[in-house]
Amino acid sequence: MSKNILVTGGAGYIGSHTVLQLLLGGYKAVVVDNLDNSSAVAIKRVKELAGEYARNLVFHRMDLRDRPALEEIFDSNKFDAVIHFAGLKAVGESVQKPLMYYNNNLIGTITLLEVMAARGCKNLVFSSSATVYGWPKVVPCTEESPINAANPYGRTKLFIEEICRDVHRSDSEWKIILLRYFNPVGAHPSGHIGEDPRGIPNNLMPFIQQVAVGRQHALTVYGSDYSTKDGTGVRDYIHIIDLADGHVAALKKLADPSIGCEVYNLGTGRGTSVLEMVAAFEKASGKKIPLVMAGRRPGDAEVVYAATEKAERELNWKAKYTIEEMCRDQWNWASKNPYGYEGCAHQNNNNSAPH
Ligand code: NAD
Ligand code: UFG
């Protein structure tokens, strides 16, 4: 019988791609999402891409902190595991509105864990982040590297990791996998689903994409005086489909009786600079990306990339896609959906040229 997975935040960027890979892998998925940072169109597109498997996807628009609604979903389903993506993720906003971040990310997670415990579902995969490595003194970052956080968003990830470790210590029936994502980019190769940030993007690839389609004038490069090959920051970019497949691998690992509360990096192990990423995107898209060189962004690390051996060995998973393929798929999504999921509505309401 198909395994039934509750996916919180499943309408979002990583969630929508993961739900599609789950469905194609023969899983059933129940998505709960309040659509605060996503669109119902993403769910519709996932269903289209899933073909005959679309019947295995159920969507509920609700807030994770709505305990009675969550209990009702657990009462009418038997879940084999939960993948927990739901959370707010903008670093700058978390500095401005820390209580909103602590309320959403921590209360959401605690409510979920309480309802899971009460209903006897104790298998969890949680979205942590490479942000917990801060500015690493040594790269690649291994799962044993020191962890810390430079902002409220990062602290919510650290706190939730600790909460999960405590929950497992208190009750060994829990099986928990904490996935530390590096920098997810790209889109499903069909170009039908992808990342659609609200407002001005904070992250590199969505910003480059908006320059390419004419929604922004130029990319501001934050810092060109780092001790790196070309002076710009280096990150470990991972194709969103590789990342999604990492979740399927983690779900399989939960069946291993030896698993307790375990951390895995999901990255490629390769570092790419901002200028290398721009050059790869220009090649993939045929568009020139004008640059404005600026000072460092506060809180940014110089070089961050993953040690991938633990995930390769224990999850039997390895990232496959190249930087060229990441840029190809990012551009395919961008050129088909220059204004994201709500593109048509937006363009109809806005007669002015993009700026
Ligand atoms: P996203 O914003 O696209 O997806 C998160 C989803 O959660 C959204 O659809 C949002 O509407 C939903 N959500 C938020 N709070 C909710 C609540 N209280 N109740 C119900 N739904 C809620 O973000 P993403 O990039 O897909 O990230 C998913 C997870 O991965 C997040 O926890 C994020 O912190 C983590 N993560 C993301 C990155 C990245 O670079 N994208 C890196 C590391 C970790
Ligand atoms: N950058 C620019 N210009 C921009 C945006 C980014 O030069 O407009 C540079 C940054 O300085 C950095 C690199 O591009 O050197 C990548 O920046 P991102 O903002 O895309 O990614 P970060 O690694 O800084 O952070 C992101 C999320 C974190 C998360 C981390 C790892 O914002 O929350 O990836 O997953 F923890």
* Give just the number: which of (1) closer than 24 Å to residue 311 by Cβ; (2) within 15 Å of ligand 2 (Cβ to nearest atom); (3) surrounded by 20 or more Cβ atoms within 10 Å (Cβ to Cβ) does residue 152 not satisfy? => (1)
* Asked: Checking residue 248 against (1) under 22 Å from the mean Cα position of the chain (by Cα); (2) away from ligand 2 (no atom under 16 Å from the Cβ); (3) surrounded by fewer than 22 Cβ atoms within 10 Å (Cβ to Cβ); (4) assigned to a loop (DSSP other than H, G, I, E, B), which test does it fail?
  -> (4)
* Structure fact -> Residue count, the stretch 304-321, condition more than 16 Å from ligand 2 (Cβ to nearest atom), surrounded by 14 or more Cβ atoms within 10 Å (Cβ to Cβ) and part of a loop (DSSP other than H, G, I, E, B), comes to 4
* **Residue that is assigned to a helix (DSSP H, G or I), modelled with pLDDT of 95 or more and closer than 26 Å to residue 222 by Cβ, where the choices are 301, 334** => 334
* To do: Would you mention how many residues in the stretch 11-38 are over 14 Å from the mean Cα position of the chain (by Cα) and of a type in the set (Val, Ile, Thr)?
  => 3
* Asked: Hey, any hits in the stretch 285-295 for a residue that's in a loop (DSSP other than H, G, I, E, B), aliphatic (A, V, I, L, M), away from ligand 1 (no atom under 16 Å from the Cβ) and modelled with pLDDT of 95 or more?
  -> yes
* Count of the stretch 188-209 residues which are out of contact with any Leu (no Cβ under 9 Å at 6 or more places or on another chain), assigned to a helix (DSSP H, G or I) and free of Cβ contacts under 8 Å to residues at least 24 places away in the same chain -> 1
* **Test set (1) under 22 Å from residue 39 (Cα atoms); (2) not in a loop (DSSP other than H, G, I, E, B) - residue 242 fails condition number** => (1)
* Are any residues in the stretch 102-113 surrounded by 19 or more Cβ atoms within 10 Å (Cβ to Cβ) and more than 9 Å from ligand 1 (Cβ to nearest atom), and if so, which ones? -> 109, 112, 113
* To do: Go over the candidates 176, 208 one by one and state the one that is under 21 Å from the mean Cα position of the chain (by Cα) and within 21 Å of residue 80 (Cα to Cα).
  => 176
* Structure fact -> Matching residues in the stretch 80-125 (of a type in the set (A, V, I, L, M) and assigned to a loop (DSSP other than H, G, I, E, B)) number 3
* **Subset of the stretch 14-37 (residues that are under 22 Å from residue 334 (Cβ atoms) and surrounded by 24 or more Cβ atoms within 10 Å (Cβ to Cβ))** => 15, 16, 17, 18, 19, 20
* Asked: Are any of the residues in the stretch 132-144 within 15 Å of ligand 1 (Cβ to nearest atom), under 24 Å from residue 37 (Cα atoms) and not charged (D, E, K, R)?
  -> yes
* To do: Return the residue satisfying two criteria in turn: it lies in the stretch 45-61 and is within 14 Å of ligand 1 (Cβ to nearest atom) and surrounded by fewer than 17 Cβ atoms within 10 Å (Cβ to Cβ), and of such residues it is farthest from residue 102 (Cα to Cα).
  => 60
* Considering the stretch 128-145 alone, what residues qualify as being of a type outside the set (S, T, N, Q) and in contact (Cβ under 8 Å) with a residue 12 or more places away in the chain? -> 130, 132, 133, 134, 135, 136, 139, 140, 141, 143
* All positions within the stretch 151-187 that are part of a helix (DSSP H, G or I), hydroxyl-bearing (Ser, Thr, Tyr) and more than 10 Å from ligand 1 (Cβ to nearest atom) -> 170
* **Scan of the stretch 170-208 for residues that are farther than 23 Å from residue 218 by Cβ, within 13 Å of ligand 2 (Cβ to nearest atom) and hydrophobic (A, V, I, L, M, F, W, C), ordered by number** => 179, 182
* Being part of a strand (DSSP E or B) and within 16 Å of the chain's Cα centre (by Cα) is the filter; apply it to the stretch 264-274 and report the residue that is farthest from residue 310 (Cα to Cα). => 266
* Asked: Just wondering, is there one or more residues in the stretch 126-148 that are more than 13 Å from ligand 2 (Cβ to nearest atom) and over 30 Å from residue 226 (Cβ atoms)?
  -> yes
* Could you say which residue among 70, 179, 99 is without any contact (Cβ under 8 Å) to a residue 60 or more places away in the chain and surrounded by 19 or more Cβ atoms within 10 Å (Cβ to Cβ)? -> 70
* Checking residue 123 against (1) within 16 Å of ligand 2 (Cβ to nearest atom); (2) at pLDDT 95 or above, the condition it does not meet -> (1)
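The values are calculated or read from the model by the stated rules, or taken from the named source; none is laboratory data. All values reported here derive from a predicted model rather than from experimental measurement. Reconstructed Cβ throughout: ideal geometry from the backbone, glycine too, with neighbour counts over all protein chains shown.
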